(Lines give C-alpha, C1' and ligand atoms only; values in the text may rest on other atoms or scores of the structure.)
Protein backbone atom coordinates (compact mmCIF):
# COMPACT_ATOMS: atom_id res chain seq x y z
CA UNK A 1 0.00 0.00 0.00
CA UNK A 2 1.31 3.44 -0.91
CA UNK A 3 1.20 6.44 1.40
CA UNK A 4 1.03 9.95 -0.11
CA UNK A 5 2.88 13.07 0.99
CA UNK A 6 2.15 16.47 -0.51
CA UNK A 7 4.21 19.62 -0.80
CA UNK A 8 2.38 22.81 -1.76
CA UNK A 9 4.39 25.73 -3.07
CA UNK A 10 2.15 28.55 -1.88
CA UNK A 11 3.68 31.28 -4.05
CA UNK A 12 3.31 29.29 -7.30
CA UNK A 13 0.32 27.15 -6.24
CA UNK A 14 2.18 24.06 -7.43
CA UNK A 15 1.26 20.86 -5.63
CA UNK A 16 3.82 18.06 -5.57
CA UNK A 17 2.73 14.60 -4.43
CA UNK A 18 5.15 11.80 -3.55
CA UNK A 19 4.11 8.23 -2.82
CA UNK A 20 6.06 5.83 -0.65
CA UNK A 21 5.66 2.68 1.39
CA UNK A 22 7.06 3.90 4.70
CA UNK A 23 3.84 5.64 5.86
CA UNK A 24 4.85 9.12 7.06
CA UNK A 25 7.94 8.18 9.00
CA UNK A 26 10.53 10.90 9.47
CA UNK A 27 12.70 9.20 6.82
CA UNK A 28 9.82 9.32 4.32
CA UNK A 29 9.21 13.01 5.02
CA UNK A 30 12.91 13.86 4.72
CA UNK A 31 13.27 11.82 1.51
CA UNK A 32 10.19 13.53 0.05
CA UNK A 33 11.57 16.98 0.82
CA UNK A 34 14.95 16.10 -0.64
CA UNK A 35 13.36 14.76 -3.84
CA UNK A 36 11.14 17.82 -4.15
CA UNK A 37 14.04 20.24 -3.62
CA UNK A 38 16.25 18.38 -6.10
CA UNK A 39 13.53 18.75 -8.74
CA UNK A 40 12.34 22.28 -7.90
CA UNK A 41 15.44 24.16 -6.74
CA UNK A 42 16.04 25.63 -10.20
CA UNK A 43 12.58 27.23 -10.08
CA UNK A 44 13.57 29.09 -6.90
CA UNK A 45 17.16 30.32 -7.39
CA UNK A 46 16.70 33.15 -4.86
CA UNK A 47 15.76 30.81 -1.99
CA UNK A 48 18.38 30.43 0.74
CA UNK A 49 16.13 29.10 3.53
CA UNK A 50 13.07 26.87 3.36
CA UNK A 51 10.30 27.56 5.89
CA UNK A 52 8.40 24.32 6.27
CA UNK A 53 4.89 24.18 7.72
CA UNK A 54 3.93 20.60 8.57
CA UNK A 55 0.25 19.69 8.56
CA UNK A 56 -0.81 16.28 9.83
CA UNK A 57 -4.33 16.67 8.49
CA UNK A 58 -7.53 16.43 10.51
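The values are calculated or read from the model by the stated rules, or taken from the named source; none is laboratory data. As the structure is a prediction and not an experimental result, all values here were calculated from the model. All Cβ positions, even for glycine, are placed from backbone atoms using ideal geometry, and neighbour counts span all protein chains on display.
May I ask you to list pairs of residues, at least six apart or on different chains, whose Cβ atoms are under 7 Å apart, with the first in the range 21-45 being free of Cβ contacts under 8 Å to residues at least 40 places away in the same chain and the second being surrounded by 10 or more Cβ atoms within 10 Å (Cβ to Cβ) and assigned to a helix (DSSP H, G or I)?
So the pair list comes out as 22/28.
Out of the range 20-39, which residues are surrounded by 10 or more Cβ atoms within 10 Å (Cβ to Cβ) and not in a helix (DSSP H, G or I)?
Applying the first criterion (surrounded by 10 or more Cβ atoms within 10 Å (Cβ to Cβ)) to the range 20-39 yields 20, 22-25, 27-37, 39.
Across the range 20-39, the qualifying residues are 20, 22, 23, 24, 25.
Out of all the residues in the range 6-19, is one or more modelled with pLDDT under 85, surrounded by 13 or more Cβ atoms within 10 Å (Cβ to Cβ) and either on the phi > 0 side of the Ramachandran plot or touching a helix residue (DSSP H, G or I) at 6+ places or on another chain (Cβ under 7 Å) (or both)?
Checked the range 6-19: no residue is modelled with pLDDT under 85, surrounded by 13 or more Cβ atoms within 10 Å (Cβ to Cβ) and either on the phi > 0 side of the Ramachandran plot or touching a helix residue (DSSP H, G or I) at 6+ places or on another chain (Cβ under 7 Å) (or both).
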